[in-house]
1. Would you mind finding the one in A132, A128 that is open to solvent by less than 20 Å² (accessible area, probe 1.4 Å) and part of a helix (DSSP H, G or I)?
2. Being within 20 Å of C18 (Cα to Cα), part of a strand (DSSP E or B) and either in contact with a helix residue (DSSP H, G or I) (Cβ under 9 Å, 6 or more places away or on another chain) or open to solvent by 30 Å² or more (accessible area, probe 1.4 Å) (or both): is that true of A143 here?
3. Going by the structure shown, is A212 within 16 Å of the ligand (Cβ to nearest atom), under 25 Å from A20 (Cα atoms), outside any strand (DSSP E or B) and more than 18 Å from the chain's Cα centre (by Cα)?
4. Just one of C216, C210 is open to solvent by less than 70 Å² (accessible area, probe 1.4 Å) and either more than 29 Å from Y86 (Cβ to Cβ) or touching a helix residue (DSSP H, G or I) at 6+ places or on another chain (Cβ under 6 Å) (or both); which is it?
5. Given the condition open to solvent by 80 Å² or more (accessible area, probe 1.4 Å), under 20 Å from the mean Cα position of the chain (by Cα), within 15 Å of the ligand (Cβ to nearest atom) and over 23 Å from A201 (Cα atoms), answer yes or no: does some residue in the stretch 103-116 qualify?
6. Evaluate the following for V85: is it surrounded by fewer than 20 Cβ atoms within 10 Å (Cβ to Cβ) and of a type in the set (V, I, T)?
7. In the stretch 252-280, which residues are surrounded by 10 or more Cβ atoms within 10 Å (Cβ to Cβ) and either in contact (Cβ under 8 Å) with a residue 24 or more places away in the chain or among the small types (G, A, S) (or both)?
Amino acid sequence: MKLDPRRDKITLADLQACAAGGRRFAMLTAYDFAMASQAQAAGVPVLLVGDSLGSVLLGQESTRGVPLDLIVTLAEAVRRGAPQVYLVGDMPYVAMQGGRDSILAAARRFRDEARCDAVKLETGRADADSVAALHADGFTVIAHLGLCPQQVETRAELRAQARDAEAIRILVADCSEMVARGADMILLEAVPNEAASAVVAAVDVPVIGCGAGPACHGHVVVTHDMLGIGDGRPPRFVPVLASVGRDIEAAMATYVEQIGDGTYPGPEHVYGMRKAATPS
Ligand code: KIV
């Protein structure tokens, strides 16, 4: 059965069934009400309020500066816009730095304030206890491995991972460990298809790829990159399916022009006066 948030609320069981049945599912990022509403209307089953908002919305060099309050507030807006999607909150660097209790506290905010269905953590063996603690507390956890942008301070340092046999062996072992400690899904960023295939074969949970090739069960990209909004240099794995950035610029230029030449506001944009009451 096709996942359709216009018809049903999407659940973890739906994503698991999809993966088990060899079907793929789509996932996109969303950071606001309007984009979330459009995503749900388009039938996108899974949305991630990603800490990529640090670069996309805030123009920062890395994702490290994303405040917890901000990402939770934006997750609330996304949930209002897309009540039926499977909603994932991204654990920001600031919460990861605080260790297990801070991660648990942030996860509760994603669940209780934004009604997120799952939390995603950029993780490795060092954070295995936090994954286990989240699982024990009833959270659905997505373990993000491969390229973990929170590990770098500048965009120039973002590089594909697991590109040789030994690195793939370590990645598979790390993913298996995450699943053993309670991760319900794995997200692999910027790894070759050989690495993703090996992980898919080794774990019995859905594997989501972000630039990880066709073997993955789900696929996610940053929505702004896919829509052609931004600096025009999206990662190579992004399908650029629109040129919304160009359309926005053209519309804004027309607006400036119309104000300059007096075309706007025209008669159709102006409120009329109330008709004066006729004396009897
Ligand atoms: O923050 C984000 O948007 C992400 C995805 C691109 C995987 O982590």
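The values are calculated or read from the model by the stated rules, or taken from the named source; none is laboratory data. Computed from a prediction, not measured in an experiment: that's the story for all the values here. Cβ atoms come from the backbone with ideal geometry, glycine included; neighbour counts cover every protein chain shown. These area figures cover heavy atoms from the full protein model, side chains too; ligands, DNA and RNA do not enter into them. Shrake-Rupley method; radii C 1.70, N 1.55, O 1.52, S 1.80 Å.
1. Working: A132 fails: open to solvent by less than 20 Å² (accessible area, probe 1.4 Å).
Result of the check over A132, A128: A128.
2. Details: within 20 Å of C18 (Cα to Cα): yes; part of a strand (DSSP E or B): yes; either in contact with a helix residue (DSSP H, G or I) (Cβ under 9 Å, 6 or more places away or on another chain) or open to solvent by 30 Å² or more (accessible area, probe 1.4 Å) (or both): yes.
Yes; evaluated as a whole, the condition is true for this residue.
3. The answer is no for A212.
4. C216
5. Initially, the stretch 103-116 is screened for residues open to solvent by 80 Å² or more (accessible area, probe 1.4 Å), giving 108, 111-113, 115.
When the remaining residues are screened for being under 20 Å from the mean Cα position of the chain (by Cα), the result is 108, 111-113, 115.
Remaining after also requiring within 15 Å of the ligand (Cβ to nearest atom): none.
Scanning the stretch 103-116, I find no residue that is open to solvent by 80 Å² or more (accessible area, probe 1.4 Å), under 20 Å from the mean Cα position of the chain (by Cα), within 15 Å of the ligand (Cβ to nearest atom) and over 23 Å from A201 (Cα atoms), so the answer is no.
6. Values: surrounded by fewer than 20 Cβ atoms within 10 Å (Cβ to Cβ): no; of a type in the set (V, I, T): yes.
So V85 does not fit the description; no.
7. Residue satisfying the conditions is A253 alone.
Okay, residues lined up against (1) within 16 Å of the ligand (Cβ to nearest atom); (2) assigned to a loop (DSSP other than H, G, I, E, B); (3) of a type outside the set (S, T, Y); (4) open to solvent by less than 40 Å² (accessible area, probe 1.4 Å):
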position: R169; (1), (2), (3), (4): no, no, yes, no
position: C175; (1), (2), (3), (4): yes, no, yes, yes
position: A183; (1), (2), (3), (4): yes, yes, yes, yes
position: E249; (1), (2), (3), (4): no, no, yes, no
